[in-house]
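Here the structure comes first, spelled out in structure tokens, and everything after it is commentary.
No lab work stands behind these numbers, since they all come straight from the coordinates. Here the structure is a predicted model, which means the values were calculated and not measured. Ideal geometry is used to build each Cβ from the backbone, glycine not excepted, and the neighbour counts take in all protein chains shown.
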Amino acid sequence: MVDKDFCLSSYIALRYIYDDNINFFEGMNHKNYKLLDESERVEVKTAEEIDLYIKERVKELYNKYNNIGILLSGGMDSAILSSYLKPGSNAYTFSNLNTDIYNLDIERSKKYCKKYDLVQHFINIDFDDYKTYTPIVMERKCSPVHSIEPQIYKAAIEAKKDGVELMIIGDAADYIFGGMDKLLSKDWTYEGFIKRYISLDPSLVLENPVNINGVFEPYKKGDSIDYLSFMSGPTTIESYGSYENAFTTANLSYCDLYENFKMKNPLDLKRIRNGQSKYLIRDLYKIKFPEFEIPTKIPMPRPVDYIFENWEGPKRHEFKKNILVKKLTGNQKWQLWCAEKFLDNHE
């Protein structure tokens, strides 16, 4: 089925098209990420159990791949995974982000590389990179993309030049172990969660917005919502799909070493709400890096704020003429820019 208005609204609100059966144009066939079945996941309840599984899994990977690299930030998740790689392995860190918080992230990553003798490569991202790589990752996905996808693609093609055969990532830790602390901060009403969750309200920027609440309705519980199940479903599908698309487009194998886990015990929401998000990962980080403080959580660095600081907004007829662009975040501007480029490339 083709429904451009639905696809635009879904992308603007959710950063992906949540219905596999609806596409932008004839001849397109987007497919969302397929999550592992619960029966395929390993139950864990301690940091030591996580550590043991990852050790064994990495040994298996080294039996298949000689050159394994890692996407390394200054955060806990990738830092932990870096400790399992062989000395001399390649680590790829995003840079050129012009903000102190991201410079701090880079400094942390340097310490991890020094401790475990990794060869660090910095992947600089600028607007020219977005212009070059965004059409490539959009073409395979048959839709506009998340802002991390072009830069992951660039890191992947750089890694292939270095002979990397498999890239290790740690995206799934946030979703498996309770890292989305803002979304876990309270028990939401149905309407409150939707308002908090969507990236940008389609009715504010599109001429023909379509209601996308169908993605939330299966999780509605009266006036409330089963937000934990929603985050284990659509939220995870959107995030995992961004990595899958970027690496597959680059033809580089990858492995998220946290994706195979599930927690034996329910998330301790009280602990998370008291500042202990990803408490099992925190415990493992302390084992691996007892000399370092727990790093502050930040999203994957991407330079959309300063790249789109003076952008004037979309011009196509699908978008409203009076969008208050200056009030939008860099990520929201990215979505409008990316959606417009996608439409330009296919009409």
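Separation of the range 26-70 and the range 142-194 by C-alpha centroid, Å?
14 Å
When the helix-only estimate is applied to the chain (DSSP H runs of n ≥ 4, each -39,500 (n - 2.57), divided by the residue count), what is the mean residue ellipticity at 222 nm, nearest 500 deg cm²/dmol?
Computed mean residue ellipticity for the chain: -13000 deg cm²/dmol.
Using θ = phi - 60° and the Karplus curve 6.51 cos²θ - 1.76 cosθ + 1.60, what whole-Hz ³J(HN,Hα) does each residue of the range 179-194 get, with Gly and Pro shown as x?
Once rounded to whole Hz, the list reads x, 8, 5, 5, 6, 9, 6, 7, 8, 8, 6, 4, 5, x, 5, 4.
Would you mind calculating the gained length between residue 189 and residue 19 on full extension (0.36 nm times residue separation, minus the Cα-Cα distance), in nm to one decimal?
Numbers: separation 170, 0.36 × 170 = 61.20 nm, distance 2.38 nm.
Length gained between residue 189 and residue 19: 58.8 nm.
Set the Förster distance to 35 Å, then compute FRET efficiency between residue 66 and residue 5 from the Cβ-Cβ distance, nearest 0.05.
The formula returns an efficiency of 0.10 here.
Taking a spot 7 Å from the Cα of residue 140 along the direction of its beta carbon, which residues of the range 45-74 have an amide N less than 19 Å from it?
Counting backbone N atoms under 19 Å from the label point, the list is 68-72.
What list of ³J(HN,Hα) values in whole Hz, one per residue of the range 113-126 in order, does the Karplus curve 6.51 cos²θ - 1.76 cosθ + 1.60 (θ = phi - 60°) give from phi, with Gly and Pro shown as x?
5, 5, 5, 10, 6, 9, 8, 8, 10, 9, 9, 7, 10, 9
Nearest 5 percent is fine: what portion of the DSSP beta bridges confined to the range 36-309 is antiparallel? Intermediate values should be presented prior to the final figure.
Numbers: 3 of 21 bridges.
Rounded to the nearest five, the antiparallel share is 15 percent.
Would you please give the residues with an amide H less than 5 Å from that of residue 85, counting only those at least 5 places away or on a separate chain, with H modeled from the backbone geometry?
none
Expressed in nm to one decimal, what extension gain is obtained for the pair residue 292 and residue 42 from 0.36 nm per residue of sequence separation less their Cα-Cα distance?
Gain on extension, residue 292 to residue 42, equals 87.1 nm.
Report the longest stretch of the chain that contains none of the trypsin sites (Lys or Arg not before Pro) sitting in a DSSP loop with at most 13 other Cβ atoms within 10 Å.
The longest uninterrupted stretch comes out as 46-181.
Does anyone have the angle between helix 236-250 and the longest principal axis of the chain? Alpha-carbon axes, 0 to 90°, nearest 10?
That helix lies at roughly 80 degrees to the long axis.
Apply the Karplus parameterisation 6.51 cos²θ - 1.76 cosθ + 1.60, with θ equal to phi minus 60°, to every residue of the range 322-330 and state each ³J(HN,Hα) to the nearest whole Hz, in sequence, with x for glycine and proline.
Residue by residue, the range 322-330 yields 10, 5, 7, 4, 5, 8, 7, 6, x Hz.
For the range 28-171, what is the relative contact order in percent, using Cα pairs closer than 8 Å and at least 6 residues apart in sequence? Please list the in-between numbers first.
Numbers: 164 pairs, mean separation 41.7, N = 144.
With pairs under 8 Å counted, the relative contact order is 29 percent.
Measure off 7 Å from each Cα along the Cα-to-Cβ vector at residue 131 and residue 208, then give the distance between these two points in nanometres to one decimal.
So the two model labels end up 3.1 nm from each other.
Assuming 0.36 nm per residue, please report the length gained on full extension of the stretch residue 110 to residue 269 beyond their Cα-Cα distance.
Value of the extension gain: 54.0 nm.
Express the relative contact order of the chain as a whole percentage, based on alpha carbon pairs under 8 Å and six or more residues apart in sequence.
So the answer I get is 26 percent.
Arrange 259, 26 by Cβ neighbour counts within 10 Å, fewest through most, would you?
Least to most surrounded, the residues fall as 26, 259.
Using 1/(1 + (r/R0)^6) with R0 = 45 angstrom and r between the beta carbons of residue 59 and residue 315, what's the FRET efficiency to the nearest 0.05?
After rounding to 0.05, the efficiency reads 0.25.
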